[in-house]
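Everything below concerns the one structure shown next.
The values are calculated or read from the model by the stated rules, or taken from the named source; none is laboratory data. Note that the structure is predicted; figures quoted are calculated from it, not measured. Cβ atoms come from the backbone with ideal geometry, glycine included; neighbour counts cover every protein chain shown. What goes into the accessible areas is simple: the full protein's heavy atoms, side chains included, and nothing from ligands, DNA or RNA. Shrake-Rupley method; radii C 1.70, N 1.55, O 1.52, S 1.80 Å.
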Amino acid sequence: MSLTLGTRSCAGRKALVAFSGQADLPWLRLLKPGFRHCLVAVDFAGYWIVVNPLSNRMDMAVCNTMTAEQLANFYQSKGLRVVHTRTLDPGRK
């Protein structure tokens, strides 16, 4: 499988942001319960690019078998809160 990002804009792509209340690090308990961890999944050409920042590494995955609703339902079944959104272009400075 090969994905080429090239110079195409990423603005307007479907995205899911999933939140969890899990807090393995003591300082994360300062954050609001239910929002102590998050991950993002962005739709890119029919594939979901999932980025899950962890304390000791950045976990990344590519999924191609789910719709936005199916992926959201999967995360919700694991106890995460899911927000449907779209990506924005940061623009030039």
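Rounded to the nearest whole Hz, the Karplus-based 3J(HN,Hα) values (6.51 cos²θ - 1.76 cosθ + 1.60, θ = phi - 60°) of the stretch 10-15 follow the sequence 9, 5, x, 7, 4, 9, with x at glycine and proline.
Database remark: amide H of residue 23 closer than 5 angstrom to no amide H (H placed geometrically; neighbours at sequence offset of 5 or more, or on other chains; Pro and chain starts carry no H).
Here residue 78 sits with roughly 130 square angstrom of accessible surface, probe radius 1.4 Å.
Could you give the dipole magnitude of the stretch 48-93 about its Cα centre, charging the beta-carbon of Lys and Arg +1 and that of Asp and Glu -1, in debye to the nearest 20? Please list the in-between numbers first.
Values: 6 positive and 3 negative charges, 44 e Å.
With only Lys, Arg, Asp and Glu charged at Cβ, the dipole is about 200 debye.
In plain terms, the chain from residue 64 to residue 47 could stretch by 5.7 nm, reckoned as 0.36 nm per residue minus the Cα-Cα distance.
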